[in-house]
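What follows is a single structure, written as structure tokens, with notes after it.
The values are calculated or read from the model by the stated rules, or taken from the named source; none is laboratory data. Note that the structure is predicted; figures quoted are calculated from it, not measured. Every residue, glycine as well, gets a Cβ built from its backbone with ideal geometry; the counts of neighbours run over all protein chains shown. Surface areas here come from the heavy atoms of the whole protein model, side chains and all, with no ligands, DNA or RNA. Shrake-Rupley method; radii C 1.70, N 1.55, O 1.52, S 1.80 Å.
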Amino acid sequence: MKILKYIKDISEMNEFLRDKQTTINVSEVYHLWNHLMQRYNVIYITNLLHNFVKDDDLKLVLNLGNKTLAKHTELLEKELLNYGITLPLRPPKQTQETVNAELISDRHIYRRILRGIQAFLPVHTMAFIHSTSPKIRDLFISFMEEEMKIYDKYLEYGKIKDYLIKPPVYRP
């Protein structure tokens, strides 16, 4: 299977941009572009929230998440440019503190990021479902798998730090 992928990649290198564009559908373009735009937004928000984090462990977790986001961003930018698709505008790299840091707790930051991960998992699924190109589907599968692993580890981290909202215990 990998041999076929390499042959396809080599053949794509010699294709003109217009020919490459015929191999991707409008839904795939939308999902690639939307994923990139969302990654830009998540990086911006994570950097903004990072300014308010007090716990060094949470800072480390956010930094690791940002590395993954940067890797995904690079892959998406490369894929979009490969098909001649204009990239969305990037938010500023630097964020400034404009709020009193005492108003935002580490628990709030953790929960905000957890909700963001939870909300994005179905986005990966829909992108996979709407893709007809094996190359694009593989990209979305890799994002989904990686995000699910991150979610699992992040959830366990939240349990250790007691950041999760605990529903009442069921006692029949």
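One table, with the values for the structure above:
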{"quantity": "Enumerated helices (runs of 4 or more DSSP H) restricted to segment 1-51, each holding at least 3 residues that are more than 19 Å from Phe120 (Cα to Cα) and modelled with pLDDT under 90", "calculated": "2-13, 17-21"}
{"quantity": "Residue check for Ile136: in a helix (DSSP H, G or I) and either without any contact (Cβ under 8 Å) to a residue 60 or more places away in the chain or closer than 18 Å to Asn63 by Cβ (or both)", "calculated": "no"}
{"quantity": "Residue list for segment 83-132, filter: surrounded by 15 or more Cβ atoms within 10 Å (Cβ to Cβ), modelled with pLDDT under 90 and over 19 Å from Gln38 (Cβ atoms)", "calculated": "Ile104"}
{"quantity": "Residue among Lys67, Lys135 that alone is open to solvent by 80 Å² or more (accessible area, probe 1.4 Å) and among the basic types (Lys, Arg)", "calculated": "Lys67"}
{"quantity": "When residues of segment 139-172 are limited to those that are surrounded by 13 or more Cβ atoms within 10 Å (Cβ to Cβ) and among the acidic types (Asp, Glu), the one nearest to Arg107 (Cα to Cα)", "calculated": "Glu147"}
